[in-house]
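Please read the structure below before turning to the comments.
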Amino acid sequence: MKNSIKKGVAEFLAFGILFYLLAIDLAEVVALDLNQGSVNHDLAAYNFQAETIRRWKLPKRLREISGLAMTHDQRLLAHNDEKGTIYEIDYRQGSIIKAFKLADLDTSVKDDFEGIATDSNWVYLVTSSGRLYEFSEGADKQTVPFNVYATGVGQDCEIEGLAYEPNDRALLLMCKKPRSLEQKKLLTIYRWSVDSKRLIEGAHTAIPTTEFTRHIKGKTFQPSGIERHPESGNYFVVAARQRAIAEITPGGQVLAVIKFARKWHRQVEGITFTQDHTLIVAGEGEKKRANLTLYPVSIRGN
């Protein structure tokens with residue numbers, strides 16, 4: 001009788017310990033799932049199907065709009081593909097406020113411009129081959145001198161997209177079309193110091209394109225614009241051909257990828273943010289007028 005009781009108590013204790021251990025494991029799994037399901041990303045603050053968006057058709061001379069940048073005092077600058085003309089746009093109305101040109105001995109500059117960025121002192125344009133033009137903002141109809149820097153990234157890839165990273169005092173140069181097989185399946189972002197006027201060695205970020213394509217249908221992700229979110233510091237990347245927008249951390253973790261509505265975005269090229277975090281994207285007009293679309297922060301989110 002005593003042996004049976006002892007055996008029963010031992011079995012009960014063993015079962016209790018096993019249940020306790022299983023409960024701990026289950027709690028850890030639940031906690032892990034909750035953590036994975038609650039990853040915060042800024043894209044969730046925008047409703048890309050909302051009726052609250054504002055959309056403007058831009059003047060004909062901005063048909064080939066390529067890049068956007070916000071100045072420190074909240075004015076929107078833009079540029080076309082092939083001419084060194086900078087436009088200030090009233091993003092509340094979609095009209096042009098002023099336009100000034102880069103000029104060398106009164107000769108207007110032409111190049112394959114693919115991105116624009118600003119810091120507190122300068123405006124920058126980047127070409128597909130990685131050349132950087134540095135200049136001061138001009139008045140309406142003014143021509144301005146400039147400095148040109150060879151970043152060296154053109155030998156590795158075709159650049160499309162430029163943004164300013166204040167934490168590093170660096171310009172982000174985004175690779176659209178790698179020239180080597182090693183980088184073919186990567187999205188690479190280089191960092192160029194505005195102080196030393198050279199690439200920051202070992203500071204580039206390389207992300208497998210599969211980290212983007214697994215969120216959307218398709219086999220590739222071809223970036224066309226990049227901008228830093230003013231609050232979180234994460235990078236927003238748009239892809240024209242895929243009509244998509246992605247959010248990544250500065251370290252290269254892809255947080256989210258969302259498709260734009262086809263009817264609104266044929267070819268998204270430029271991206272920037274206002275101080276209140278309104279997302280602004282620009283789309284080339286192709287044979288029609290280019291457009292500017294504003295997505296305010298949504299309470300409901302996506």
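Read-outs: derived from the displayed coordinates by stated rules, not from any lab. In this text the structure is predicted, and so the values were computed from the model without any measurement. We place every Cβ from the backbone using ideal geometry, glycine too, and count neighbours over all the protein chains shown.
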Inset, instruction - Starting from the Cα-Cα distance between residue 177 and residue 253, subtract it from 0.36 nm times their residue separation and give me the gain in nm to one decimal. - result: 25.3 nm
Inset, instruction - Taking amide H positions as placed in the peptide plane 1.01 Å from N, state which residues far from residue 67 in sequence (5 or more) or on other chains have amide H under 5 Å from it. - result: 79
Legend entry - Angle between the chain longest axis and helix 2-37 axis [Cα atoms, degrees, rounded to 10]: 10
Legend entry - Spacing of the two label points (7 Å from each Cα toward its C-beta) at residue 121 and residue 83, in nm: 3.1
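Counting other beta carbons within 10 Å of each residue's own, what order do 110, 141 fall into, fewest first? Before the final figure, lay out each step's value.
Working: 110 12, 141 9.
Lowest to highest Cβ neighbour count: 141, 110.
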Inset, instruction - Would you look at the GNM of the chain, springs on alpha carbons closer than 10 Å, and say which of 51, 160, 227 moves the most? - result: 51
Inset, instruction - With a Förster radius of 22 Å, plug the Cβ-Cβ distance of residue 50 and residue 74 into 1/(1 + (r/R0)^6) and report the FRET value to the nearest 0.05. - result: 0.45
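Seen from all sides and averaged, what is the projected area of the convex hull of the Cα atoms in the range 141-260, in nm²? All intermediate terms of the calculation are to be shown ahead of the outcome.
Values: hull surface 36.0 nm².
Value for the range 141-260: 9.0 nm².
For the range 67-190, compute Rh as the Kirkwood radius over C-alpha pairs and then the Stokes-Einstein diffusion coefficient at 37 °C and 0.692 mPa s; write the answer in µm²/s, rounded to an integer. Write down the numbers at each step before the final one.
Details: Rh = 14.9 Å.
Once the numbers are plugged in, D ends up at 220 µm²/s.
Starting from 0.36 nm per residue, how many nanometres of slack lie between residue 96 and residue 185 once their C-alpha separation is accounted for? All intermediate terms of the calculation are to be shown ahead of the outcome.
Numbers: separation 89, 0.36 × 89 = 32.04 nm, distance 3.89 nm.
Answer, rounded to one decimal: 28.1 nm.
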Inset, instruction - Be a star and scan the range 161-202 for residues whose amide nitrogen sits under 20 Å from the point 7 Å along the Cα-to-Cβ vector of residue 155. - result: 173-184, 188-193, 197-202
Legend entry - GNM top mover of 239, 50, 282 - the chain, alpha-carbon springs below 10 Å: 50
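For the chain, what is the percent of antiparallel DSSP beta bridges, rounded to the nearest 5?
Values: 78 of 80 bridges.
If I count the DSSP bridges inside the chain, around 100 percent turn out antiparallel.
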Legend entry - Debye log10 I(q)/I(0) at q = 0.11, 0.14, 0.15, 0.16 Å⁻¹ for the range 42-295, Cα point scatterers: -0.53, -0.88, -1.03, -1.19
Inset, instruction - Rank the residues 228, 92 as a footprinting-exposure proxy: fewest other Cβ atoms within 10 Å of their Cβ go first. - result: 92, 228
Legend entry - Neighbourhood net charge (15 Å Cβ-Cβ; Lys/Arg +1, Asp/Glu -1) for residue 109: -4
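May I ask you to derive the FRET efficiency for residue 288 and residue 195 from their Cβ-Cβ distance with R0 = 30 Å, giving the value to the nearest 0.05?
On the way: r = 42 Å, r/R0 = 1.40.
The calculated FRET efficiency here is 0.10.
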